[in-house]
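The next block holds one structure in the form of structure tokens; read it before the comments.
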Amino acid sequence: MIARIPLPIEEGKTMALLMGQMMQMPLLISSLITHAARHHGDTEIVSKRVEGDVHRCTWVDVELRARKLAQALARLGCEAGDRVGTLAWNGYRHLEIYYASSGSGLVCHTVNPRLFPEQIAWIVNDAEDRVLCFDLTFLPLVEKLAAQLPTVRHFVAMTDRAHMPAQTSVPNLLCFEELVEAENGDYRWPSFDENTASSICYTSGTTGNPKGAVYSHRSSLLHAMAAALPDGMALAARDTVLPVVPMFHVNAWGLPYASALTGCRVVFPGPHLDGKSLYELFEAERVSFSAGVPTVWLGLLTYVKQNGLKFSTFKRTVIGGSACPPAMLKTLEDDYGVEVIHAWGMTEMSPLGTLARLKSKHDALPKEAQRHLQEKQGKVVFGVDMAIVGDDGGMQPWDGKSSGDLLVRGPWVIDRYFKQTASPLHDGWFPTGDVATIDADGYMQITDRSKDVIKSGGEWISSIELENIAMAHPGVHEAAVVAAFHPKWDERPLLVVVPKPGVELTRAQLLAHYEGRIAKWQIPDDVVFVAEIPHTATGKIQKMRLREQLKDHKLPTT
Ligand code: ADP
């Protein structure tokens, strides 16, 4: 076939192109689950359930039940494009909803149950969810909210008949297992345009009202392929993957899709995310790979350290969502033999952007220099393009020193937000709100989020760098650095510390810890000790709230 396209150089003239002669097959999410069922059919999906037990099934079971669920959703009156909401932990039923909804042309909408109830209602109403499926844990929440969710026609409890609540105020509550069992599975995944919406996730709202990112089948599939690459998460059929990152947080970073694509064995932790439960699951199910935010690893590491334990099969983990403290990277690698892949991304990017994996030329570097690279947020995966721009909008050099606002573009980066007409893009680039440097090898390092940067006398101080140093102190459990008002410098860094249990720390000890590790003028002016640092629903430090709590803090004047 010959197509004619306008010539870019000479107006009015066209150029004949020879078209490729390959099959036109849309990239659809249903192809992932059919692939997993056909080629990795007996590979196990293990789930710790809300009901308290461990459930085992296979990719074949998930695919069949997803088809039955697709039939059930159609029977409930769902039509193409309708949103199916979930309030659920990581588990096989949640996975079935992912595939049943997207696979049948509906849109999977995972809602973060850790948000405030008012935010949850706001998000469900903004997405206009038609069905809301929820784990029994969230029954009280749904009872409270049901009357405020006018678009939801069906509420579905993700359990079997035996565990259905005897009494509830949720109107016409349906039972997930009954819905699935009533169908015969005689259903073929439909084919449609690969640009059709597959799922929707809301940003966690650390920065204003939540906004919906609508992913497409094409973007999700391309993202899953990139995620699985050797310089990505390096997933293979022989891996046993335990996604600690919730399926309600940017689709568990794409793991439900990438696992089907590679045919991994998957272990879902359900609601049991404390250090002890996770450790026991890692060992019992021989987990080789995991992924989660730093806060989760903090809990797991505290537990293994206190009990003198080691991991016997755990080999690799992706840590992202917020900066992985270098001390955590070192402990996991040196003390426990777990390779840490530091990754960066965001809801608007499906979420993967960069991963910090070394190149072969780095093999010759001393360990410390290699670590320095691993601590960065890393290189882009193919498909993502990035740039840093200065205050004047001009491109900054990739020299590892010049910092600027980080911009991205690519087929799994959003073009616009759900229901919003104004484009968030600047000249075709999406501004991430992060401030970063990029070195000559393409390793990006986040130095701050634009709004978290501390501007002292016009000079930027990286709060992340200060937090990392504090986290390396043996007596510190968790640390955050925020800007505090200063009459002369405008802003100065204030260190907030949660000491390890039973450890007595002083302000002087912590400030002395910075000496020689950072320029003198960047050392925090003061230290505040707290019992707890506020976190967002996705486990990130809530800088805005912390700043609010400390707004009256008076820095020492000398
Ligand atoms: P939200 O922006 O709603 O809080 P996201 O999960 O989309 O939620 O967060 C994306 C942001 O998280 C990034 O823009 C960045 O500021 C931060 N982030 C993610 N991964 C990292 C990382 N590895 N290091 C530092 N910051 C990170």
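The values are calculated or read from the model by the stated rules, or taken from the named source; none is laboratory data. Keep in mind that what you see is a predicted model, and the values were worked out from it rather than measured. Virtual Cβ from ideal backbone geometry, glycine too; neighbours counted across all protein chains shown.
In the set (1) without any contact (Cβ under 8 Å) to a residue 60 or more places away in the chain; (2) exposed (fewer than 15 other Cβ atoms within 10 Å of the Cβ); (3) more than 23 Å from the chain's Cα centre (by Cα), the condition left unmet by residue 441 is number (1).
Per-residue answers, yes or no, for (1) within 16 Å of the ligand (Cβ to nearest atom); (2) over 30 Å from residue 291 (Cα atoms); (3) at pLDDT below 90:
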position: 509; (1), (2), (3): no, yes, no
position: 519; (1), (2), (3): no, yes, yes
position: 533; (1), (2), (3): yes, no, no
position: 556; (1), (2), (3): no, yes, yes
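Going through (1) more than 21 Å from residue 327 (Cα to Cα); (2) touching a residue at least 24 places away in the same chain (Cβ under 8 Å); (3) of a type in the set (Lys, Arg) one by one, residue 500 falls short only on (1).
If the condition is being of a type in the set (A, V, I, L, M) and either within 12 Å of the ligand (Cβ to nearest atom) or not in a strand (DSSP E or B) (or both), then region 408-452 contributes 408, 413, 414, 422, 425, 435, 436, 440, 444, 446. Filtered by the rule that a residue be under 28 Å from the mean Cα position of the chain (by Cα) and away from the ligand (no atom under 15 Å from the Cβ), region 461-481 gives 461, 469, 470, 472, 473, 476, 477, 478.
Whether any residue in region 80-99 is surrounded by fewer than 19 Cβ atoms within 10 Å (Cβ to Cβ), assigned by TED's automatic domain parsing to the domain that holds residue 172, at pLDDT 95 or above and not aromatic (Phe, Trp, Tyr) is what I want to check.
yes
Take residue 453 and tell me if it is closer than 20 Å to residue 520 by Cβ and β-branched (Val, Ile, Thr). Write out each step before concluding.
On the way: closer than 20 Å to residue 520 by Cβ: yes; β-branched (Val, Ile, Thr): yes.
For residue 453, the condition - closer than 20 Å to residue 520 by Cβ and β-branched (Val, Ile, Thr) - is met.
Is there a residue in region 257-268 that is under 17 Å from the mean Cα position of the chain (by Cα), outside the structural domain of residue 417 (by TED's automatic domain parsing) and farther than 30 Å from residue 127 by Cα? Within region 257-268, not a single residue is under 17 Å from the mean Cα position of the chain (by Cα), outside the structural domain of residue 417 (by TED's automatic domain parsing) and farther than 30 Å from residue 127 by Cα.
Listed by position, the strands (runs of 3 or more DSSP E) enclosed by region 157-262 that each have at least 2 residues that are within 16 Å of the ligand (Cβ to nearest atom) and not basic (Lys, Arg) are 197-202, 212-216. Considering only residues in region 535-554 that are in a loop (DSSP other than H, G, I, E, B) and within 16 Å of the ligand (Cβ to nearest atom), the one that is farthest from residue 323 (Cα to Cα) turns out to be 537.
Taking the criterion of being loosely packed, with under 15 Cβ neighbours inside 10 Å, under 24 Å from residue 339 (Cα atoms) and out of contact with any strand residue (DSSP E or B) (no Cβ under 7 Å at 6 or more places or on another chain), would at least one residue in region 413-429 satisfy it? Within region 413-429 (the criterion being loosely packed, with under 15 Cβ neighbours inside 10 Å, under 24 Å from residue 339 (Cα atoms) and out of contact with any strand residue (DSSP E or B) (no Cβ under 7 Å at 6 or more places or on another chain)), the answer is no, since none of the residues qualifies. Checking each residue in region 453-475 for being part of a loop (DSSP other than H, G, I, E, B) and either on the phi < 0 side of the Ramachandran plot or touching a Lys or Arg at 6+ places or on another chain (Cβ under 6 Å) (or both) picks out 453, 462, 472, 473, 474, 475.
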